[in-house]
Amino acid sequence: MPARRVHSGFRGPFGNGRRAADGGQPAAGNGLRAAGGGQRAAGSRSGQQQRAAGARQRVAAAPGLSGGRGSIGVVRTISGDVARRTFLAAQGFTDPRPSGPVTRRHLQRVLDRIKLLQLDSVNVAVRSHYMPLFSRLGDYPPALLDDAAWSPSARRPRLLAETWAHEASLVPVTDWPLLGHKTLPRRWWKHYAPLLERHPTLAGDIRAVVAERGPIGAGAIEKALAPEGRAGDVRPRPPGATWWERSEVKQVCEYLFAVGELAVGTRRHFERRYDLPERVLPPEVFAAPPPDPADAARALVAKSAAALGIGTETDLRDYYRLGPERTRTAIAELVEAGELEPVAVRGWARPAYRSPSATVPRAVSGRALLSPFDPLVWERDRAERIFGFRYRIEIYVPEAKREYGYYVFPFLLDGALVGRVDLKADRVAGVLRVPGAFAEPGRGLPESRIAAELAAELTTMACWLGLDGVEVGERGDLAAALRSALRAG
(Lines give C-alpha, C1' and ligand atoms only; values in the text may rest on other atoms or scores of the structure.)
Protein backbone atom coordinates (compact mmCIF):
# COMPACT_ATOMS: atom_id res chain seq x y z
CA MET A 1 0.00 0.00 0.00
CA PRO A 2 1.60 3.35 -0.98
CA ALA A 3 2.13 5.99 1.65
CA ARG A 4 -0.55 8.62 1.84
CA ARG A 5 1.01 12.05 1.76
CA VAL A 6 -0.48 14.96 3.66
CA HIS A 7 0.37 17.97 1.52
CA SER A 8 -1.49 20.97 2.83
CA GLY A 9 -1.26 20.71 6.59
CA PHE A 10 -3.07 18.85 9.31
CA ARG A 11 -6.57 17.48 9.16
CA GLY A 12 -8.78 18.71 11.95
CA PRO A 13 -12.07 18.01 13.71
CA PHE A 14 -13.47 21.53 13.64
CA GLY A 15 -16.10 23.22 11.50
CA ASN A 16 -18.29 20.11 11.43
CA GLY A 17 -20.17 20.21 14.73
CA ARG A 18 -17.84 17.83 16.58
CA ARG A 19 -16.85 18.67 20.13
CA ALA A 20 -13.37 19.44 21.29
CA ALA A 21 -11.54 17.35 23.89
CA ASP A 22 -11.19 19.98 26.60
CA GLY A 23 -14.45 19.56 28.44
CA GLY A 24 -16.88 18.97 25.56
CA GLN A 25 -17.38 22.58 24.49
CA PRO A 26 -18.44 23.12 20.89
CA ALA A 27 -15.53 24.23 18.75
CA ALA A 28 -17.05 27.60 17.93
CA GLY A 29 -17.42 28.32 21.63
CA ASN A 30 -13.77 27.64 22.36
CA GLY A 31 -12.13 30.22 20.18
CA LEU A 32 -12.99 28.82 16.73
CA ARG A 33 -15.26 31.37 15.15
CA ALA A 34 -16.53 30.39 11.70
CA ALA A 35 -18.47 32.94 9.67
CA GLY A 36 -22.09 31.89 9.26
CA GLY A 37 -21.56 28.93 11.60
CA GLY A 38 -19.62 26.89 9.05
CA GLN A 39 -16.13 26.29 7.72
CA ARG A 40 -14.56 29.30 6.06
CA ALA A 41 -14.22 28.84 2.33
CA ALA A 42 -10.65 28.08 1.37
CA GLY A 43 -9.23 30.40 -1.21
CA SER A 44 -11.34 33.44 -0.40
CA ARG A 45 -8.44 35.88 -0.52
CA SER A 46 -10.54 39.02 -0.24
CA GLY A 47 -12.26 37.71 2.89
CA GLN A 48 -8.91 36.74 4.37
CA GLN A 49 -7.47 40.16 3.61
CA GLN A 50 -10.45 41.92 5.24
CA ARG A 51 -10.13 39.68 8.27
CA ALA A 52 -6.40 40.37 8.55
CA ALA A 53 -7.00 44.11 8.40
CA GLY A 54 -9.69 43.86 11.07
CA ALA A 55 -7.41 41.76 13.25
CA ARG A 56 -4.64 44.37 12.99
CA GLN A 57 -7.10 47.04 14.14
CA ARG A 58 -8.20 44.90 17.09
CA VAL A 59 -4.60 44.22 18.09
CA ALA A 60 -3.85 47.95 18.01
CA ALA A 61 -6.85 48.66 20.22
CA ALA A 62 -6.50 45.78 22.69
CA PRO A 63 -5.10 46.54 26.15
CA GLY A 64 -1.41 45.72 26.35
CA LEU A 65 -1.07 44.61 22.72
CA SER A 66 1.13 46.71 20.44
CA GLY A 67 0.94 49.56 22.93
CA GLY A 68 -2.78 50.19 22.48
CA ARG A 69 -4.78 51.50 25.42
CA GLY A 70 -7.88 49.67 24.22
CA SER A 71 -11.52 50.62 24.10
CA ILE A 72 -12.44 48.73 27.28
CA GLY A 73 -13.26 51.35 29.89
CA VAL A 74 -12.55 49.46 33.12
CA VAL A 75 -9.97 46.75 33.67
CA ARG A 76 -10.25 45.27 37.12
CA THR A 77 -7.17 44.82 39.26
CA ILE A 78 -6.45 41.66 41.25
CA SER A 79 -3.71 40.77 43.71
CA GLY A 80 -0.75 38.52 43.02
CA ASP A 81 -2.10 36.09 45.61
CA VAL A 82 -5.38 35.77 43.71
CA ALA A 83 -3.44 35.17 40.48
CA ARG A 84 -1.39 32.46 42.22
CA ARG A 85 -4.46 30.63 43.54
CA THR A 86 -6.15 30.96 40.15
CA PHE A 87 -3.14 29.36 38.47
CA LEU A 88 -2.99 26.48 40.96
CA ALA A 89 -6.70 25.74 40.55
CA ALA A 90 -6.46 25.82 36.76
CA GLN A 91 -3.57 23.35 36.92
CA GLY A 92 -5.56 20.88 39.01
CA PHE A 93 -3.87 21.37 42.38
CA THR A 94 -7.17 22.00 44.16
CA ASP A 95 -8.72 18.78 42.85
CA PRO A 96 -8.56 16.01 45.48
CA ARG A 97 -6.36 13.03 44.77
CA PRO A 98 -8.31 9.80 44.17
CA SER A 99 -9.05 7.83 47.31
CA GLY A 100 -9.18 4.54 45.39
CA PRO A 101 -7.59 3.09 42.26
CA VAL A 102 -6.64 5.65 39.60
CA THR A 103 -8.56 5.11 36.38
CA ARG A 104 -8.73 6.45 32.86
CA ARG A 105 -11.34 8.91 34.10
CA HIS A 106 -8.80 10.47 36.46
CA LEU A 107 -6.26 10.64 33.64
CA GLN A 108 -8.78 12.48 31.49
CA ARG A 109 -9.50 14.91 34.34
CA VAL A 110 -5.84 15.91 34.51
CA LEU A 111 -5.59 16.21 30.72
CA ASP A 112 -8.66 18.45 30.71
CA ARG A 113 -6.76 20.69 33.13
CA ILE A 114 -3.20 20.84 31.77
CA LYS A 115 -3.91 20.01 28.09
CA LEU A 116 -0.55 18.37 27.33
CA LEU A 117 2.39 16.40 28.75
CA GLN A 118 5.91 17.42 27.77
CA LEU A 119 8.23 14.62 26.67
CA ASP A 120 11.90 14.53 27.58
CA SER A 121 14.60 11.87 27.32
CA VAL A 122 16.11 12.37 30.80
CA ASN A 123 15.38 9.31 32.95
CA VAL A 124 17.54 9.95 36.03
CA ALA A 125 14.46 9.87 38.29
CA VAL A 126 11.43 9.31 36.04
CA ARG A 127 10.61 10.42 32.51
CA SER A 128 8.97 13.81 32.50
CA HIS A 129 5.61 12.85 30.96
CA TYR A 130 4.76 10.49 33.83
CA MET A 131 5.45 12.97 36.62
CA PRO A 132 2.67 15.60 36.18
CA LEU A 133 0.09 12.85 36.66
CA PHE A 134 1.80 11.67 39.85
CA SER A 135 1.97 15.27 41.08
CA ARG A 136 -1.81 15.59 40.76
CA LEU A 137 -3.07 12.03 41.30
CA GLY A 138 -0.48 10.38 43.54
CA ASP A 139 0.46 6.74 43.02
CA TYR A 140 -0.98 5.53 39.71
CA PRO A 141 -0.07 2.77 37.22
CA PRO A 142 2.20 4.22 34.48
CA ALA A 143 0.63 1.69 32.10
CA LEU A 144 -2.48 3.86 32.26
CA LEU A 145 -0.62 6.58 30.36
CA ASP A 146 1.25 4.13 28.11
CA ASP A 147 -2.02 2.58 26.96
CA ALA A 148 -3.60 5.98 26.33
CA ALA A 149 -0.63 7.14 24.21
CA TRP A 150 1.08 4.14 22.65
CA SER A 151 -0.86 0.90 23.22
CA PRO A 152 -4.49 1.56 22.33
CA SER A 153 -7.06 -1.18 21.98
CA ALA A 154 -10.68 -1.49 20.92
CA ARG A 155 -11.75 -1.22 24.57
CA ARG A 156 -9.33 1.59 25.35
CA PRO A 157 -8.89 3.77 22.24
CA ARG A 158 -6.00 6.16 21.89
CA LEU A 159 -6.45 9.36 23.91
CA LEU A 160 -3.10 11.00 23.20
CA ALA A 161 -0.83 11.59 20.22
CA GLU A 162 2.69 12.94 19.95
CA THR A 163 3.36 16.26 18.30
CA TRP A 164 5.32 19.47 18.76
CA ALA A 165 3.47 21.79 21.15
CA HIS A 166 5.22 23.47 24.10
CA GLU A 167 8.06 21.14 23.14
CA ALA A 168 7.73 17.53 22.02
CA SER A 169 4.51 16.61 23.78
CA LEU A 170 1.58 14.26 24.19
CA VAL A 171 -1.69 16.03 23.40
CA PRO A 172 -5.30 14.84 23.14
CA VAL A 173 -5.82 13.29 19.72
CA THR A 174 -8.46 15.88 18.85
CA ASP A 175 -5.95 18.67 19.48
CA TRP A 176 -3.33 17.20 17.11
CA PRO A 177 -4.76 18.96 14.01
CA LEU A 178 -4.60 22.35 15.74
CA LEU A 179 -0.84 22.06 16.06
CA GLY A 180 -0.10 21.82 12.35
CA HIS A 181 3.05 23.34 10.93
CA LYS A 182 0.95 26.15 9.41
CA THR A 183 -0.21 27.21 12.88
CA LEU A 184 3.09 27.09 14.73
CA PRO A 185 6.15 29.15 13.84
CA ARG A 186 8.85 27.19 12.07
CA ARG A 187 11.27 25.71 14.57
CA TRP A 188 14.36 23.56 14.24
CA TRP A 189 12.97 21.71 11.22
CA LYS A 190 13.37 24.80 9.05
CA HIS A 191 17.10 24.00 9.03
CA TYR A 192 16.47 20.66 7.30
CA ALA A 193 15.70 22.22 3.90
CA PRO A 194 19.30 21.74 2.60
CA LEU A 195 19.18 18.08 3.66
CA LEU A 196 15.95 17.52 1.74
CA GLU A 197 17.43 19.27 -1.29
CA ARG A 198 20.50 17.01 -1.19
CA HIS A 199 18.31 13.92 -1.03
CA PRO A 200 15.12 14.82 -2.94
CA THR A 201 13.68 11.27 -2.96
CA LEU A 202 14.53 10.33 0.62
CA ALA A 203 11.33 11.65 2.23
CA GLY A 204 9.16 9.70 -0.20
CA ASP A 205 11.24 6.56 0.27
CA ILE A 206 10.91 6.81 4.05
CA ARG A 207 7.15 7.25 3.77
CA ALA A 208 6.94 4.17 1.57
CA VAL A 209 8.86 2.06 4.11
CA VAL A 210 6.67 3.33 6.94
CA ALA A 211 3.53 2.60 4.92
CA GLU A 212 4.72 -0.97 4.39
CA ARG A 213 6.26 -1.76 7.79
CA GLY A 214 5.11 0.81 10.32
CA PRO A 215 5.22 1.37 13.19
CA ILE A 216 8.97 1.29 12.69
CA GLY A 217 12.02 3.04 14.14
CA ALA A 218 14.51 5.18 12.23
CA GLY A 219 17.29 2.57 12.48
CA ALA A 220 15.07 -0.11 10.97
CA ILE A 221 13.99 2.31 8.23
CA GLU A 222 17.63 2.94 7.35
CA LYS A 223 18.30 -0.80 7.15
CA ALA A 224 15.23 -1.30 4.98
CA LEU A 225 16.43 1.34 2.52
CA ALA A 226 20.04 0.16 2.30
CA PRO A 227 19.64 -3.20 0.45
CA GLU A 228 17.73 -1.56 -2.35
CA GLY A 229 20.21 1.29 -2.62
CA ARG A 230 17.54 3.80 -1.79
CA ALA A 231 19.58 5.22 1.05
CA GLY A 232 22.14 6.34 -1.55
CA ASP A 233 24.89 8.47 -0.03
CA VAL A 234 22.86 9.31 3.06
CA ARG A 235 25.13 9.78 6.08
CA PRO A 236 24.52 7.14 8.77
CA ARG A 237 24.87 7.75 12.49
CA PRO A 238 28.59 7.59 13.28
CA PRO A 239 29.82 4.97 15.78
CA GLY A 240 30.02 6.32 19.31
CA ALA A 241 27.86 9.32 18.39
CA THR A 242 26.09 11.34 21.06
CA TRP A 243 22.32 11.22 21.41
CA TRP A 244 21.98 14.39 19.30
CA GLU A 245 24.20 13.19 16.43
CA ARG A 246 21.46 11.71 14.31
CA SER A 247 21.70 9.95 10.99
CA GLU A 248 20.27 11.78 8.03
CA VAL A 249 17.46 9.21 7.80
CA LYS A 250 16.55 9.97 11.42
CA GLN A 251 16.64 13.71 10.69
CA VAL A 252 14.22 13.32 7.78
CA CYS A 253 11.95 11.10 9.90
CA GLU A 254 11.87 13.85 12.52
CA TYR A 255 11.16 16.46 9.85
CA LEU A 256 8.24 14.42 8.49
CA PHE A 257 6.95 13.94 12.03
CA ALA A 258 7.23 17.68 12.73
CA VAL A 259 5.20 18.65 9.65
CA GLY A 260 2.57 15.96 10.18
CA GLU A 261 3.41 13.58 7.34
CA LEU A 262 4.42 10.90 9.84
CA ALA A 263 3.04 10.22 13.30
CA VAL A 264 4.30 8.18 16.25
CA GLY A 265 2.45 4.90 16.49
CA THR A 266 4.22 3.60 19.58
CA ARG A 267 7.52 3.64 21.46
CA ARG A 268 9.94 0.89 22.43
CA HIS A 269 12.55 1.76 25.07
CA PHE A 270 11.53 5.36 24.41
CA GLU A 271 12.45 5.11 20.70
CA ARG A 272 9.87 6.60 18.40
CA ARG A 273 8.23 4.10 16.05
CA TYR A 274 6.85 6.03 13.11
CA ASP A 275 3.60 5.29 11.35
CA LEU A 276 1.18 6.98 8.98
CA PRO A 277 -1.12 9.56 10.58
CA GLU A 278 -4.20 7.79 9.22
CA ARG A 279 -3.22 4.65 11.18
CA VAL A 280 -2.58 6.57 14.41
CA LEU A 281 -5.37 9.14 14.60
CA PRO A 282 -9.07 8.28 14.92
CA PRO A 283 -10.69 8.25 11.46
CA GLU A 284 -12.96 11.19 12.25
CA VAL A 285 -9.96 13.32 13.29
CA PHE A 286 -7.81 12.44 10.28
CA ALA A 287 -10.64 12.81 7.74
CA ALA A 288 -11.93 16.19 8.91
CA PRO A 289 -10.87 19.35 7.01
CA PRO A 290 -7.75 21.06 8.37
CA PRO A 291 -8.56 24.08 10.53
CA ASP A 292 -7.72 27.56 9.34
CA PRO A 293 -4.40 28.49 11.04
CA ALA A 294 -5.88 31.63 12.58
CA ASP A 295 -8.82 29.63 13.97
CA ALA A 296 -6.40 27.01 15.29
CA ALA A 297 -4.26 29.68 16.97
CA ARG A 298 -7.33 31.18 18.62
CA ALA A 299 -8.37 27.77 19.93
CA LEU A 300 -4.87 27.17 21.28
CA VAL A 301 -4.75 30.55 23.03
CA ALA A 302 -8.12 29.76 24.64
CA LYS A 303 -6.73 26.42 25.79
CA SER A 304 -3.62 28.13 27.14
CA ALA A 305 -5.79 30.53 29.11
CA ALA A 306 -7.87 27.67 30.53
CA ALA A 307 -4.72 25.77 31.57
CA LEU A 308 -3.13 28.83 33.18
CA GLY A 309 -6.25 30.50 34.55
CA ILE A 310 -4.59 33.86 34.08
CA GLY A 311 -1.56 34.95 32.10
CA THR A 312 0.18 37.65 30.14
CA GLU A 313 0.40 37.60 26.38
CA THR A 314 3.82 35.97 26.68
CA ASP A 315 2.45 33.30 29.05
CA LEU A 316 -0.41 32.47 26.69
CA ARG A 317 1.95 32.33 23.73
CA ASP A 318 4.50 30.10 25.46
CA TYR A 319 2.14 27.27 26.42
CA TYR A 320 2.00 26.04 22.82
CA ARG A 321 4.96 28.09 21.54
CA LEU A 322 2.86 30.15 19.16
CA GLY A 323 4.21 33.13 17.24
CA PRO A 324 3.85 36.65 18.73
CA GLU A 325 1.71 38.23 16.00
CA ARG A 326 -0.69 35.31 15.76
CA THR A 327 -1.04 35.20 19.56
CA ARG A 328 -1.78 38.92 19.83
CA THR A 329 -4.40 38.69 17.11
CA ALA A 330 -6.03 35.69 18.80
CA ILE A 331 -6.08 37.47 22.18
CA ALA A 332 -7.68 40.56 20.66
CA GLU A 333 -10.39 38.47 18.99
CA LEU A 334 -11.05 36.44 22.16
CA VAL A 335 -11.32 39.62 24.23
CA GLU A 336 -13.73 41.07 21.70
CA ALA A 337 -15.81 37.88 21.84
CA GLY A 338 -15.89 37.92 25.65
CA GLU A 339 -13.82 34.73 25.84
CA LEU A 340 -10.90 36.40 27.62
CA GLU A 341 -11.07 39.10 30.28
CA PRO A 342 -8.30 41.72 30.45
CA VAL A 343 -7.13 42.22 34.03
CA ALA A 344 -4.27 43.92 35.84
CA VAL A 345 -2.29 41.99 38.44
CA ARG A 346 -0.51 43.95 41.16
CA GLY A 347 3.22 43.44 40.83
CA TRP A 348 3.06 42.29 37.20
CA ALA A 349 4.71 44.59 34.70
CA ARG A 350 2.46 43.52 31.81
CA PRO A 351 -1.31 43.30 31.30
CA ALA A 352 -2.92 39.93 31.92
CA TYR A 353 -5.88 37.98 30.58
CA ARG A 354 -8.18 35.74 32.58
CA SER A 355 -10.04 32.70 31.29
CA PRO A 356 -13.80 32.82 31.91
CA SER A 357 -13.52 29.25 33.24
CA ALA A 358 -11.00 30.28 35.92
CA THR A 359 -11.88 29.90 39.59
CA VAL A 360 -10.28 31.37 42.71
CA PRO A 361 -10.16 28.98 45.67
CA ARG A 362 -10.08 30.53 49.12
CA ALA A 363 -7.01 28.47 49.96
CA VAL A 364 -4.84 25.77 48.43
CA SER A 365 -3.73 22.81 50.49
CA GLY A 366 -1.80 19.63 49.82
CA ARG A 367 1.65 18.74 48.57
CA ALA A 368 3.34 17.73 45.32
CA LEU A 369 6.79 17.14 43.87
CA LEU A 370 7.11 18.76 40.45
CA SER A 371 9.12 17.67 37.44
CA PRO A 372 11.32 20.39 35.91
CA PHE A 373 8.98 20.08 32.91
CA ASP A 374 5.69 20.42 34.77
CA PRO A 375 3.56 23.24 33.31
CA LEU A 376 3.41 24.83 36.76
CA VAL A 377 7.13 25.66 36.56
CA TRP A 378 8.33 25.08 32.99
CA GLU A 379 8.20 28.81 32.18
CA ARG A 380 10.89 29.96 34.63
CA ASP A 381 10.08 33.69 34.56
CA ARG A 382 6.42 33.00 35.29
CA ALA A 383 7.32 30.71 38.21
CA GLU A 384 9.46 33.48 39.67
CA ARG A 385 6.79 36.12 39.09
CA ILE A 386 3.98 34.08 40.69
CA PHE A 387 5.78 32.06 43.38
CA GLY A 388 8.95 34.07 44.01
CA PHE A 389 10.79 30.87 43.09
CA ARG A 390 13.91 31.18 40.97
CA TYR A 391 14.50 27.91 39.16
CA ARG A 392 17.06 26.91 36.54
CA ILE A 393 17.71 23.38 35.35
CA GLU A 394 21.37 22.47 35.89
CA ILE A 395 21.76 19.31 33.80
CA TYR A 396 24.29 20.99 31.51
CA VAL A 397 26.09 22.85 34.31
CA PRO A 398 29.42 21.27 35.41
CA GLU A 399 28.91 19.47 38.71
CA ALA A 400 31.25 21.75 40.66
CA LYS A 401 29.24 24.81 39.57
CA ARG A 402 25.74 23.48 40.29
CA GLU A 403 23.82 25.36 42.94
CA TYR A 404 21.28 22.66 43.79
CA GLY A 405 21.96 19.54 41.72
CA TYR A 406 21.61 17.65 38.46
CA TYR A 407 17.84 17.02 38.30
CA VAL A 408 15.98 19.10 40.86
CA PHE A 409 12.27 18.82 41.71
CA PRO A 410 10.48 21.82 43.27
CA PHE A 411 8.27 20.96 46.25
CA LEU A 412 4.78 22.49 46.44
CA LEU A 413 3.11 22.69 49.84
CA ASP A 414 -0.19 24.45 50.54
CA GLY A 415 0.06 26.52 47.38
CA ALA A 416 3.67 27.70 47.85
CA LEU A 417 6.96 26.41 46.50
CA VAL A 418 8.73 25.81 49.79
CA GLY A 419 11.74 23.71 48.81
CA ARG A 420 13.53 21.64 46.21
CA VAL A 421 15.25 18.25 46.09
CA ASP A 422 17.81 16.73 43.77
CA LEU A 423 16.51 13.25 42.92
CA LYS A 424 17.90 10.08 41.40
CA ALA A 425 16.19 6.70 41.13
CA ASP A 426 18.88 4.13 41.91
CA ARG A 427 17.18 1.11 40.40
CA VAL A 428 20.08 -1.25 41.10
CA ALA A 429 20.10 -0.48 44.83
CA GLY A 430 16.31 -0.08 44.93
CA VAL A 431 16.29 3.37 46.54
CA LEU A 432 15.25 6.90 45.67
CA ARG A 433 18.34 8.96 46.34
CA VAL A 434 18.14 12.58 47.48
CA PRO A 435 21.68 13.99 47.06
CA GLY A 436 20.47 17.44 48.17
CA ALA A 437 17.45 18.93 49.94
CA PHE A 438 16.90 22.69 50.22
CA ALA A 439 14.30 24.89 51.91
CA GLU A 440 13.20 28.15 50.33
CA PRO A 441 13.86 31.13 52.62
CA GLY A 442 11.03 33.25 53.94
CA ARG A 443 8.19 30.82 53.37
CA GLY A 444 6.82 31.13 56.91
CA LEU A 445 6.41 27.39 57.54
CA PRO A 446 8.28 25.47 60.25
CA GLU A 447 11.18 23.44 58.89
CA SER A 448 9.86 20.40 60.72
CA ARG A 449 6.54 20.53 58.84
CA ILE A 450 8.20 21.00 55.44
CA ALA A 451 10.52 18.06 56.18
CA ALA A 452 7.66 15.82 57.36
CA GLU A 453 5.47 16.55 54.31
CA LEU A 454 8.41 16.17 51.94
CA ALA A 455 9.42 12.87 53.56
CA ALA A 456 5.89 11.54 53.11
CA GLU A 457 5.76 12.57 49.44
CA LEU A 458 9.21 11.10 48.69
CA THR A 459 8.15 7.83 50.31
CA THR A 460 5.02 7.76 48.13
CA MET A 461 7.12 8.50 45.04
CA ALA A 462 9.61 5.74 45.87
CA CYS A 463 6.74 3.26 46.21
CA TRP A 464 5.26 4.45 42.91
CA LEU A 465 8.62 3.87 41.19
CA GLY A 466 8.91 0.38 42.66
CA LEU A 467 11.78 1.34 44.97
CA ASP A 468 12.21 0.14 48.55
CA GLY A 469 13.05 3.39 50.30
CA VAL A 470 14.54 6.89 50.34
CA GLU A 471 18.13 7.80 51.17
CA VAL A 472 19.12 11.43 51.80
CA GLY A 473 22.60 12.81 51.18
CA GLU A 474 24.42 15.61 52.93
CA ARG A 475 23.84 18.61 50.69
CA GLY A 476 21.36 21.34 51.54
CA ASP A 477 19.96 23.06 54.61
CA LEU A 478 16.95 20.72 54.71
CA ALA A 479 18.87 17.44 54.48
CA ALA A 480 19.26 16.78 58.23
CA ALA A 481 15.62 17.53 59.01
CA LEU A 482 14.51 15.38 56.09
CA ARG A 483 16.58 12.42 57.30
CA SER A 484 15.04 12.78 60.77
CA ALA A 485 11.53 12.93 59.31
CA LEU A 486 12.13 9.77 57.27
CA ARG A 487 13.39 7.92 60.34
CA ALA A 488 10.38 9.09 62.34
CA GLY A 489 7.93 8.18 59.61
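The values are calculated or read from the model by the stated rules, or taken from the named source; none is laboratory data. Model, not experiment: these values are computed from the prediction. Cβ atoms come from the backbone with ideal geometry, glycine included; neighbour counts cover every protein chain shown. Note: accessible area is taken over every heavy atom of the protein model, side chains too, but ligands, DNA and RNA are not part of it. Shrake-Rupley method; radii C 1.70, N 1.55, O 1.52, S 1.80 Å.
Using only the heavy atoms of the protein chains and a 1.4 Å probe, how would Glu394, Glu447 rank by accessible area, largest first?
Glu447, Glu394
With all protein chains present, how much of the accessible area of the range 295-362 (probe radius 1.4 Å) comes from carbon and sulfur, to the nearest whole percent?
46 percent
List the residues whose amide H sits under 5 Å from the amide H of Arg475, counting only those 5 or more places along or on another chain, with H placed 1.01 Å from N in the peptide plane.
HN-HN under 5 Å from Arg475: Ala437.
Amide H of Leu262 versus every other amide H placed in the peptide plane: which residues, excluding those fewer than 5 positions away on the same chain, fall under 5 Å?
Placed amide hydrogens put Phe257 under 5 Å from Leu262.
Multiply the residue gap between Ser484 and Arg109 by 0.36 nm, knock off their C-alpha separation, and tell me the result in nm, one decimal place.
Gain on extension, Ser484 to Arg109, equals 131.4 nm.
Scan the range 381-462 for chymotrypsin sites (Phe, Trp or Tyr not before Pro) in coil per DSSP, keeping those whose Cβ has at most 16 other Cβ atoms within 10 Å, and list them by number.
Tyr396
Give, in nm to one decimal, the length gained when the segment between Arg187 and Arg156 is fully stretched (0.36 nm per residue of separation minus the Cα-Cα distance).
Using 0.36 nm per residue and subtracting the Cα-Cα distance, I get 7.8 nm.
Across 10 Å bins from the origin, how do the percents of Cα pairs in the range 254-330 run, short distances first?
P(r) for the range 254-330, in whole percents per bin: 17, 33, 35, 15, 0.
Using alpha carbons only, how many angstrom separate the centre of the range 371-413 from the centre of the range 335-351?
27 Å
Pulled fully out, how much extra length does the chain show between Thr359 and His269, if you take 0.36 nm times their separation in residues and subtract their Cα-Cα distance?
Fully extending the segment from Thr359 to His269 adds 28.4 nm.
Considering only protein heavy atoms, what per residue accessible area in square angstrom results for the range 79-135 with a 1.4 angstrom probe?
32 Å²
Order the following by accessible area, largest value first: Arg186, Arg487, Arg76. Probe radius 1.4 Å; ligands, DNA and RNA are ignored.
Sorted descending by solvent-accessible area, the residues read Arg487, Arg186, Arg76.
Could you sort Glu339, Glu261, Glu399 by their accessible area in this structure, using a 1.4 Å probe and putting the largest first?
Final ranking, largest accessible area leading: Glu399, Glu339, Glu261.
Could you provide, to the nearest whole Å², the per residue accessible area of the range 261-376 with probe 1.4 Å?
Each residue of the range 261-376 exposes 34 Å² on average to a 1.4 Å probe.
Using a 1.4 angstrom probe, figure out how much accessible area the range 415-489 has per residue, in square angstrom, rounded to the nearest whole.
In whole numbers, the range 415-489 has 44 Å² accessible per residue.
Which FRET efficiency value, to the nearest 0.05, is calculated for Glu325 and Cys463 with the Förster distance at 41 angstrom and r the Cβ-Cβ distance?
0.30
Where the accessible area of the range 405-489 is counted over protein heavy atoms with a 1.4 Å probe, how much of it, in %, is carbon and sulfur?
Using a 1.4 Å probe with all protein chains present, the range 405-489 comes out at 53 percent carbon and sulfur.
Counting only protein heavy atoms and using a 1.4 Å probe, what share of the accessible area of the range 105-179 belongs to carbon plus sulfur, as a whole percent?
50 percent
With θ set to phi - 60°, apply the Karplus curve 6.51 cos²θ - 1.76 cosθ + 1.60 along the range 337-348 and write out the HN-Hα couplings as whole Hz, x wherever there is a Gly or Pro.
Couplings: 7, x, 9, 9, 10, x, 9, 10, 10, 4, x, 8 Hz.
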